[in-house]
Structures are given as structure tokens and as C-alpha cells.
Amino acid sequence: MSSCATRWVLFDLGGVLVRLGAAGPMARLIEAAGEEEFWPRWLASRWVRDFERGRCSEEEFATGIIEEWDLGATGTELLAAFESWPEELYEGAATLVEEVRQSVPVGCLSNSNALHWRRFTSLWNLDGLFDVRLLSHEMGMVKPDGELFEQVVAELGGPVSSIVFLDDNDINVQAARKAGLIAATVSGPLGARRVLEQLGVL
């Protein structure tokens, strides 16, 4: 694909532009499940899906996760760890987005929530980086559900094959490809840059 064929580039946030840490209860939760088992289970969790679709409160989410995962933590501890899970903006992340934006419009497509989005905007001004923000808790839908990608295509318009989507989770990438997007699994800005160079966007 050449840059002239690309009409949009969409970035996932966590793992692509934002470094995810592993603090307190979140670290124990991931370690207990193992990395490969954690993500499918996390993405399928009723409480994760509800919270990231904006359908439950922070307190309900914390209580639900603690019970579901049999996690030895209080709700306050879980929420504090979860809030700080997005650790920092990767070095070079903002530069990459701005560079891509000189050629094509850019957006973020992220499973997010009000708690994390407040952190993203207050600490790193992420809302100012993008031409469009497609956030699960505002859309009421989450990756990897097909309905989310259908809505994304409807909102952006144009051929679905002109939308490039970069995510660190292969489950989401496979779902995006099934919907017709050009999608790739990447890790951090360097991984994203390599793919965008291969596609001719950069």
C-alpha cells in the first residue's frame, strides 16, 4: 500500500504509544495468569468489557475484578494500580504521530475508560495529537468485537482497505483484518514506524 492509498492511520494506545507498567495488584494479576493467558481472559472479562464500554462505575469494576480473579486486594488498591497501569508515553511516540499526520489524518482506536483517559489527557495531552479519537468507553463498544470495527469504518468513511490500524494485541489485529482493515501487530513506536515505512505511509 502506498501513502496515497492510505486515508487514515489509527493507533492503539497501550503498548503502542503508551508504556504499560505492572504495579501492585495488576502485576500479581498478570503474573498469576501468565502473559499468554492473561490477555484473552482480560479481554473477555465481563467487568473489563462493561467498564471499557462505560457501563459500570469505577467501584463496580474494581469489586467485580477482585471477585472474578480472586485477587487479594481492596477496591482502592486495585483502582490505584489500574489507574497507574499506563506508565508513560513512549519516547518518540508524539513525534511519530505528528510525522504521520503530515501525510494522512491520524486517530486513536483504543479500549479505554474514563479513568485512563483522564490520565492520558492531563499528563500527556493525548487528545491534542489526533484528528479523531475512537474510544471504547465513548463508543459503547470494545475491541475485538466486530461491531466496533464496523462503526469505525462507518465513521471514517472511504474504502475499509484504506484504513491502517496498529495494535499490540494480535487478537484485536486479527479482528480488524477480518473487518477489512490493514492491520498489524506492533510493539512501541519503533515497531509502528517499521510497519508504516513498509506500507509507504512514512
Quick query: amide H of D168 versus all other amide H atoms, modeled in the peptide plane; which residues come in under 5 Å with a sequence gap of 5 or more or a different chain?
V186
Say each of R118 and E91 gets a label point 7 Å from the Cα, pointing the same way as Cα to Cβ; how far apart are those two points in nm?
3.1 nm
Taking max minus min of the Cα coordinates of the chain on each principal axis, largest first, gives extents in Å of 52, 32, 28
Label-point gap, in nm, between E197 and A5 - each point 7 angstrom along Cα→Cβ
2.1 nm
So how tilted is helix 35-44 from the main axis of the chain? Cα-based, degrees 0 to 90, rounded to 10.
90 degrees
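Using a Förster distance of 41 Å, how high is the FRET efficiency between D127 and D70, based on the Cβ-Cβ distance and rounded to 0.05?
On the way: r = 36 Å, r/R0 = 0.88.
So the FRET efficiency works out to roughly 0.70.
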Applying the Karplus parametrisation 6.51 cos²θ - 1.76 cosθ + 1.60 with θ = phi - 60° to the phi angles of region 190-195, what ³J(HN,Hα) value in whole Hz is obtained for each residue in order, glycine and proline being reported as x?
5, x, 5, 4, 4, 5
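Bear in mind that the values in this text are calculations on the coordinates, not laboratory data. All of these numbers come straight from a predicted model, not from anything done at the bench. Every residue, glycine among them, receives a Cβ derived from its backbone with ideal geometry; neighbour counts consider all protein chains shown.
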